[in-house]
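Here's the structure, in structure tokens; my notes come after.
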Amino acid sequence: MQQGDTAVLHTEKGTVKAKFVVLADNMYLPEISPKLAPRLNKRIMPVGTYIIGTEPINPTLASTLIPNNAAVCDTNFVLDYFRFSADKRMIYGGRVSYSAMTPFNLTGKMQARMIETFPQLKNVKVEYTWGGFVDITLSRAPDFGRVANNVYYLQGFSGHGVALTGLAGKLVAEAIAGQSQRLDVFASIKHHDFQGGKWLRTPALVLGMAWYQLRDALSY
């Protein structure tokens, strides 16, 4: 991307000119804009998170597990989250991973976590397993701002993207229209870099998360 009053974006199949650019690629920024990645990517860390979906559960049983049909998460530092779908499947997520590799026996491990939370689901079949990567900041606060007057970036949603991406889009739209006060509030948040550089920051974070997982296990 060439910056200027009119930004020029180069792709494998052509060139695009735009008055404004919004970088909303999270952990995939190095693939989209390698020159900007070193500046922005050091403030975020890719995190794998995974989900299973069970077969439909008897509505009576479902009502005893989550009586108000809410979306729920636990209070652990490395948390799990769960809710029922419209057709009463248990949707259970968690198993945070800081590796680029999908965990071995993912379905079995996720099912074991679900049964630990809901022993009543021991004999319920898991029909779906999926997952992907989100990005986190050290503070878990979103990282919004500008790299130029007409180039905005939105990243670091830290697992809250369903709610925050809609807000982020609205704030950028307001800024492009000349009303940037609300976006500037987020842009003023100071974000620290993940330490350790390209090769050591992930191992360092894994060690830190192992410590917090131990605290969770000991209820400390």
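The values are calculated or read from the model by the stated rules, or taken from the named source; none is laboratory data. The structure displayed is predicted, hence computed values, not measured ones. We place every Cβ from the backbone using ideal geometry, glycine too, and count neighbours over all the protein chains shown.
For the subset of segment 139-177 comprising residues that are in contact with a strand residue (DSSP E or B) (Cβ under 6 Å, 6 or more places away or on another chain) and aromatic (Phe, Trp, Tyr), which member is farthest from Phe194 (Cα to Cα)? Once the filter is applied, the top-ranked residue is Tyr152. Against the list (1) buried (at least 18 other Cβ atoms within 10 Å of the Cβ); (2) at positive phi; (3) in contact (Cβ under 8 Å) with a residue 60 or more places away in the chain, the condition Gly159 fails is (1).
The set of residues in segment 151-189 being farther than 29 Å from Gly48 by Cβ and among the small types (Gly, Ala, Ser) consists of Ala173, Ala175, Ala177, Gly178, Ser180, Ser188.
The condition (being of a type in the set (Gly, Ala, Ser) and within 21 Å of Val72 (Cβ to Cβ)) is satisfied by just one residue among Gly166, Gly131: Gly131.
With respect to Thr75, is the statement that it is free of Cβ contacts under 8 Å to residues at least 12 places away in the same chain, under 27 Å from Phe157 (Cα atoms) and among the β-branched types (Val, Ile, Thr) true? For Thr75, the condition - free of Cβ contacts under 8 Å to residues at least 12 places away in the same chain, under 27 Å from Phe157 (Cα atoms) and among the β-branched types (Val, Ile, Thr) - is met. Restricting segment 37-94 to residues that are within 21 Å of Ile136 (Cβ to Cβ) and of a type in the set (S, T, N, Q), the residue that is modelled with the highest pLDDT is Thr49.
Each residue in segment 112-131 was checked for being surrounded by fewer than 11 Cβ atoms within 10 Å (Cβ to Cβ) and within 15 Å of Tyr81 (Cα to Cα), and 2 pass.
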